[in-house]
Amino acid sequence: MFLAAIATPLVITTGANAHEKESKLTTLPAAPVAEQRPYQFELHGQSVSDPWHWLRDQSYPTVDDKDVLAYVNAENSYYDSVMKPHQPLVETLFQEMKGRIKEADSSVPQKDGDWLYWIEYEEGAEYKKWYRKPVAGGDTQLILDEVALADGKEYFRLGQASISPNGRILAYGYDDNGSERFEVRFRDLESGELLPDVIPGTLSAIVWNAQNDTVLYGLANENWRTDNVRMHKLGTPVSEDKLLFQEQDIGFAVGIGQTAADNYIVIATGDNETSEAYLLPANDVTAKPMLVSARKKGREYSVDERDGRLYILTNDDHDNFRVATASIDKPNDWSTLIAGSDDVYITDLAIFRDYFVLETREGGLDQIDIRRYETPLTPGRIAFPEATYVAGLGDNPEYHQDKLRIGYESMITPDTVYDYDLATQKLETLKVQEIPSGYNSEQYRTEWVSIPARDGATIPVSLVYHKDTKLDGSAPLHLYTYGSYGYRVSPGFSTTRLSLLDRGMIYAIAHVRGGDDLGRRWYLAGKTNQRKNTFNDFIDAARGLIDRKYSSAGKISIEGGSAGGQVMGVVYNEAPELWGAVLADVPFVDVVNTMIDKDLPLTPGEWPEWGNPITDKAAYDYIRSYSPYENVTAKAYPPMLVTAGLNDPRVTYWEPAKWVAKLRATRTNDSTLLLRTNMGAGHGGKSGRWSSLRETAESYAFILSQLGVEQ
């Protein structure tokens, strides 16, 4: 059974370098102790022991094992006890953060067909409301009320919302426990009534046919993967829904979408390195799906259509992608339109009636490049006002648009919505994020610095800090990263971050390998058997920042979530002396055990990212050599807060729970170690905007208290 904490006082040290020296004493109940139970398995001739294996409830995704729940609840109680003295700081931070958010706010309306659509938050509301009104004039119509849908629920997340082409029926899916199991409902927007049709267990987009009477969707299978496309005709039993597509490879996930002109529905299937696409006529969804090009291992592509011609974005002959075209009659016969480049990384392609748009990245900087079909080099890139920024296409739902909706921000510039006029080639400011409590960008400084890695690579780091912060090594610094799946952490704006900057902290983002910040090759250099580059880059970035007097060892707090939490786990093991506090959010730390369990929702699709330790001994040995859970040793560790979600299907709750249990049993010191598990949420934590904000305030209060920055 679970062993409860012994109710004896425990001395916890907090403050700068708290894991090495005492600066403050607090008497607290002892931390929970998770019993060790014998469990072994054999793999590649090795016997592996995992005494905390029992923390995985065998009835998962149902979690009802009494010992498991007792341990998780005990950790939550311990978290509450440790954080109780810091609640005034939590409340101060929360009110600061809340004061920077305009409570009654709305998005910029966008035209789609005969309607203008937008969303609004009401004063004090956790969730938003969706509205529309006729372009020609008329009354405003509330089409979806998340506030009402979330009423009485601990968790609520809207998944997909899709309106039929004639504008009459709204299909929407929602998850009310964080498990990413979405139930689809239908509302008649003319009458306001809910239709009787209900589709449970979906995990996909919702796409309408041209006749407005049928939707395509994907059900999650028993392993919670989407391997299918089905069609539901309104007014018919869901049990009679027809299967249109079935994927046989357990590592491939299936998605659905539409081409820009709405002529075709796209069925896309693939894993993290290989893709394949099919087209269905939107006016005949029961037709046989047309294969664009058969899958080839390592080749990714996406497809769109204009006037019977396909436009394909692919990495088939260059890591940074090229744009190809093909006739819809010969979809596999590709001709290059825009060649791949070592310097320009094409991240997205958007097709419109009179032009196409390339979203690219050059030297780590976003570019939006507009090309006319008849004169492909014009008008070219949009010019933005700052030397470093984040920019991308916003919501542009119509096939023919004279203006492009664009989003823009930087680490010191709040989120800005522009329209770009194609005729005048000018940017029109539609909205700048309002900060009610006040904000002056001139009070802050931002930098982009390059730090050498141990193997000669150069690691970009984005920095932002208050102009009065001294750059002499005395400032505390918060270092964030992700570094997986080719996902870039954009150096954008954050209102919550200001609470750190105004207390003299520097905020930094390490753009490590594993992300695609410097192009596709930057991503490839941080996956599978090169994964350790990601961890080394993060440590080297921290040491480089210390060398440049941005901070000092022991004054650096670090943060990463999910696969970024894996980075936290590795650097926690490898360089504990550098960190003053660690935030590991839903961390992927039990890598070996997860990647050998092919029944978990994400595992088969993850093998191209991490390697398959079931069939490949070299992959097993490599993963085992860095996996945070396996590499916990008897040493002094810095303070850490770990978060988890009981219903999380991506990083299951037992990964952080097992890791914390092993750390408690193995480490040689008593630095603060906390596990906070959301009992009614999943991978993203709490769902309401204020509930989520309070969690951020709690996390920031933890790192500030551990670093001794509590003013």
**Asked** Does Val591 count as crowded, with 20+ Cβ neighbours inside 10 Å, out of contact with any Pro (no Cβ under 6 Å at 6 or more places or on another chain) and on the phi > 0 side of the Ramachandran plot?
**Response** no
If we keep only residues of the range 330-362 that are of a type in the set (Phe, Trp, Tyr) and in a strand (DSSP E or B), then the residue surrounded by the fewest Cβ atoms within 10 Å (Cβ to Cβ) is Tyr355
Scanning the range 241-273 for residues that are touching a Gly at 6+ places or on another chain (Cβ under 8 Å) and either free of Cβ contacts under 8 Å to residues at least 24 places away in the same chain or polar (S, T, N, Q) (or both) gives Thr269, Asn272
Within the range 113-145, residues assigned to a strand (DSSP E or B), open to solvent by less than 70 Å² (accessible area, probe 1.4 Å) and closer than 22 Å to His400 by Cβ come out as Trp115, Leu116, Tyr117, Trp118, Arg132, Pro134
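Please work out if Tyr465 is surrounded by 20 or more Cβ atoms within 10 Å (Cβ to Cβ), in contact with a Lys or Arg (Cβ under 7 Å, 6 or more places away or on another chain) and either in contact (Cβ under 8 Å) with a residue 40 or more places away in the chain or of a type in the set (Phe, Trp, Tyr) (or both). Even if it seems obvious, please write down each step before you answer.
On the way: surrounded by 20 or more Cβ atoms within 10 Å (Cβ to Cβ): yes; in contact with a Lys or Arg (Cβ under 7 Å, 6 or more places away or on another chain): yes; either in contact (Cβ under 8 Å) with a residue 40 or more places away in the chain or of a type in the set (Phe, Trp, Tyr) (or both): yes.
Considered against the rule, which asks whether it is surrounded by 20 or more Cβ atoms within 10 Å (Cβ to Cβ), in contact with a Lys or Arg (Cβ under 7 Å, 6 or more places away or on another chain) and either in contact (Cβ under 8 Å) with a residue 40 or more places away in the chain or of a type in the set (Phe, Trp, Tyr) (or both), Tyr465 comes out as yes.
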message = Scan the range 434-446 and tell me whether some residue there is within 30 Å of Ala350 (Cβ to Cβ), touching a residue at least 60 places away in the same chain (Cβ under 8 Å), open to solvent by 40 Å² or more (accessible area, probe 1.4 Å) and assigned to a strand (DSSP E or B).
response = no
Among (1) in a loop (DSSP other than H, G, I, E, B); (2) in contact (Cβ under 8 Å) with a residue 60 or more places away in the chain; (3) among the small types (Gly, Ala, Ser), Ala657 falls short only on (1)
Residues of the range 283-329 being touching a Leu at 6+ places or on another chain (Cβ under 9 Å), charged (D, E, K, R), open to solvent by 40 Å² or more (accessible area, probe 1.4 Å) and farther than 18 Å from Gly486 by Cβ, in sequence order, are Lys288
Taking the range 100-112 and keeping residues open to solvent by less than 50 Å² (accessible area, probe 1.4 Å), more than 30 Å from Tyr399 (Cβ to Cβ) and under 25 Å from the mean Cα position of the chain (by Cα) leaves Arg100, Ile101, Glu103
- request: Restrict the check to the range 404-420 and report whether at least one residue is open to solvent by 60 Å² or more (accessible area, probe 1.4 Å) and more than 25 Å from the chain's Cα centre (by Cα).
  value: no
Flagged in the range 553-581 as touching a Pro at 6+ places or on another chain (Cβ under 9 Å), open to solvent by 10 Å² or more (accessible area, probe 1.4 Å) and outside any helix (DSSP H, G or I), in numbering order, are Lys555, Gly561, Ser562
Subset of the range 148-175, residues within 26 Å of Pro649 (Cα to Cα), open to solvent by 20 Å² or more (accessible area, probe 1.4 Å) and assigned to a loop (DSSP other than H, G, I, E, B), comes to Asp151, Gly152, Lys153, Glu154
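The values are calculated or read from the model by the stated rules, or taken from the named source; none is laboratory data. The structure presented is a predicted model; accordingly, all values stated were derived computationally and were not measured. Please note: Cβ atoms are built from the backbone with ideal geometry, for glycine as well, and neighbour counts cover all protein chains shown. Accessible surface is based on the protein model in full, side chains and every heavy atom, while ligands, DNA and RNA are left aside. Shrake-Rupley method; radii C 1.70, N 1.55, O 1.52, S 1.80 Å.
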